[in-house]
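Undergrad: Okay, handing you the structure first.
The values are calculated or read from the model by the stated rules, or taken from the named source; none is laboratory data. These numbers come from a predicted model, not from an experiment. Cβ atoms come from the backbone with ideal geometry, glycine included; neighbour counts cover every protein chain shown. The protein model used for the area step is the full one, side chains on, heavy atoms only, and it has no ligands, DNA or RNA in it. Shrake-Rupley method; radii C 1.70, N 1.55, O 1.52, S 1.80 Å.
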Amino acid sequence: MQGPVSKHSGSVSQIEPKIAAKLAKQSYHLVGEHGGVKVCHWTKQDLTKGRHCYKGTFYGIESAGCMQMAPNVDTCNLACTYCWREPHSATLHKIDDDPLELFYESVRAHRRLLTGYKGHKDVLLEDWERAQDPKHVAISLNGEPTLYSRLGEFLEVCHDHGVSTFLVTNGSLPKVIENLDPLPTQLYVSVDAPNKELFNKLCKPKFNQNAWEMLEETLALLPSLDTRTVCRHTLIRHESLGHHEDYARLDNIADPNFIEAKGYVYVGHSQKNHTIDNMPAHTEVMEFAHNLASLVGREVLSDRRESRVALIGHEMIPITLPEKVRDLPRDLGIAKPQHYPLPQA
Ligand code: SF4
């Protein structure tokens, strides 16, 4: 079934109807052929309560001005057991949307999803109006974004509009990272296992059995990249929590600007693979962080208990927004409502 066609997008969602229906039920707005936008919990918290996410604390991100999206919400090359998202398509789709249209379509979708906050009793109108023009794009909603063949161009479009970019990758495509131009404002590599054995058990590569070696290759690239880099460890009690020396070996290869130690959260689809006992307490995350910090010659700079996360590094440096060289079209408008019913069995 074909999805709606918008003024700023010739593309029609090609996401399999069953997956599209599930994502729409989870408040995704689909954009491009395989992309999607979803308003983050913290964007809502910042608009209604002035509380921002841990990236606000660590890097100065304005959560109310953040747009959470992905160019391919149905496509990933790993099947991580701790991933809260719905299972992805079994097919590795070609993702090559026009980057400018994908950006505009995403902003229109974000505005559609924020309509309910206009006139909200706890939201100032000027805050809602400001949120219509995102200052930050978190390319982390779902799927592996380095599978998007025009990712560099998309980053350039965002930066040209004065919008910073956080790109989260599983690091399985080092050649894409090596040739990425421009680089994102901040590049996250998910390093969610201390060694190959646990990586294959927890990250379950779907198409490439050398995914661990690919991740190591990506980590070895990081010191040469001219942008902010982060290694993030999602820690599962009784599985990947601990192993400090192994993580230190990887982090010393990558030498990132920052390391995030983050506790696994027992939510969504991951509940099929793990139990609540796999969720470490914040005290365990902090203990891990202090142990790791001493092995990589750094210190624990900050933490957020409610997000079970700690920041390891040399010093905290807030991000700066790219210089804006073009404005959003005045007539950009807002995306039409979408409807993706579950296909009849
Ligand atoms: S940076 Fe991430 S957690 Fe923070 S508001 Fe954006 S999407 Fe949410």
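Undergrad: Suppose we keep just the alpha-carbon trace of the range 170-314; what are its Rg and Dmax in angstrom?
TA: Over the range 170-314's Cα set, Rg and Dmax evaluate to 14.8, 42 Å.
Undergrad: Can you tell me, using C-alpha contacts under 8 Å and at least 6 residues apart, the relative contact order of the range 14-82 as a whole percent?
TA: Values: 76 pairs, mean separation 22.2, N = 69.
Once divided by the residue count of the range 14-82, the mean separation gives 32 percent.
Undergrad: What does the highest-first list of 131-144, 316-329 look like by mean Cβ count within 10 Å? Write out the running numbers ahead of the final one.
TA: Working: 131-144: 23.0, 316-329: 12.4.
Ranking, from highest mean packing down: 131-144, 316-329.
Undergrad: Let me ask you something else. Could you sort 333-339, 237-243, 169-175 so that the peptide with the highest average Cβ count within 10 Å comes first and the rest follow in order? Walk me through the numbers before you get to the answer.
TA: On the way: 333-339: 15.1, 237-243: 19.0, 169-175: 22.4.
Answer by packing, highest mean first, reads 169-175, 237-243, 333-339.
Undergrad: How high is the relative contact order of the range 170-314, in percent, with contacts defined as C-alpha pairs under 8 Å that are six or more residues apart? The partial results should precede the final answer.
TA: Working: 242 pairs, mean separation 32.2, N = 145.
Reported as a whole number, the value is 22 percent.
Undergrad: What residue among Val73, Val37, Val296 has the largest mean-square fluctuation in a Gaussian network model of the chain, using Cα springs under 10 Å?
TA: Val296
Undergrad: Ranked from highest to lowest mean number of other Cβ atoms within 10 Å per residue, what is the order of the peptides 194-201, 76-83?
TA: Working: 194-201: 15.6, 76-83: 20.8.
Put in order of decreasing packing, that is 76-83, 194-201.
Undergrad: Taking only Cα atoms, what is the 0 to 90° angle, nearest 10, from helix 244-254's long axis to the longest principal axis of the chain?
TA: 60 degrees
Undergrad: Give me the accessible area of Val31, 1.4 Å probe, in Å² rounded to the nearest 10.
TA: Here the residue's solvent-accessible area equals roughly 0 Å².
Undergrad: Between 0 and 90 degrees, rounded to the nearest ten: what's the tilt of helix 151-160 against the longest Cα principal axis of the chain?
TA: 70 degrees
Undergrad: Over the range 170-314, what percent of the accessible surface lies on carbon and sulfur atoms, probe 1.4 Å?
TA: Accessible surface attributable to carbon and sulfur in the range 170-314 totals 49 percent.
Undergrad: Here's a follow-up. How long is the range 1-153 along each principal axis, judged by its Cα atoms, biggest number first, in Å?
TA: Sorted largest first, the three principal extents are 43, 37, 30 Å.
Undergrad: Related question: Could you give the angle, 0 to 90 degrees to the nearest 10, between helix 211-221's Cα long axis and the longest principal axis of the Cα atoms of the chain?
TA: 90 degrees
Undergrad: In what sequence, largest accessible area first, do Arg330, Arg304 appear using a 1.4 Å probe?
TA: Details: Arg330 240, Arg304 30 Å².
Final ranking, largest accessible area leading: Arg330, Arg304.
Undergrad: In the structure displayed, which of Lys25/Lys204; Lys38/Lys196; Lys201/Lys262; Lys175/Lys204 lie more than 29 Å apart, Cα to Cα? Present the calculation step by step, with values, prior to reporting the outcome.
TA: On the way: Lys25/Lys204 26 Å; Lys38/Lys196 33 Å; Lys201/Lys262 19 Å; Lys175/Lys204 21 Å.
Exceeds cut-off: Lys38/Lys196.
Undergrad: Please state the relative contact order of the chain as a whole percent: Cα pairs under 8 Å, 6+ residues apart? Could you put the intermediate results ahead of the total?
TA: On the way: 709 pairs, mean separation 68.7, N = 345.
With pairs under 8 Å counted, the relative contact order is 20 percent.
Undergrad: On the full set of protein chains, 1.4 Å probe, figure out the accessible area of Asp98 and give it in Å² to the nearest 10.
TA: Solvent-accessible area, nearest 10 Å²: 70 Å².
Undergrad: Turning to a different aspect of this structure: I'd like the Kirkwood hydrodynamic radius of the chain, using the inverse of the mean 1/r over distinct C-alpha pairs, in Å. Please report the intermediate quantities before stating the final value.
TA: Working: mean 1/r = 0.0488 Å⁻¹.
20.5 Å is the Kirkwood radius here.
Undergrad: Under a 1.4 angstrom probe, counting protein chains only, how are His34, His159 ranked by accessible area, largest first?
TA: On the way: His34 10, His159 30 Å².
In descending accessible area the options line up as His159, His34.
Undergrad: Taking the full set of protein chains and a 1.4 angstrom probe, give the accessible area of Glu126 in square angstrom, rounded to the nearest 10.
TA: For Glu126, solvent-accessible area is about 110 Å².
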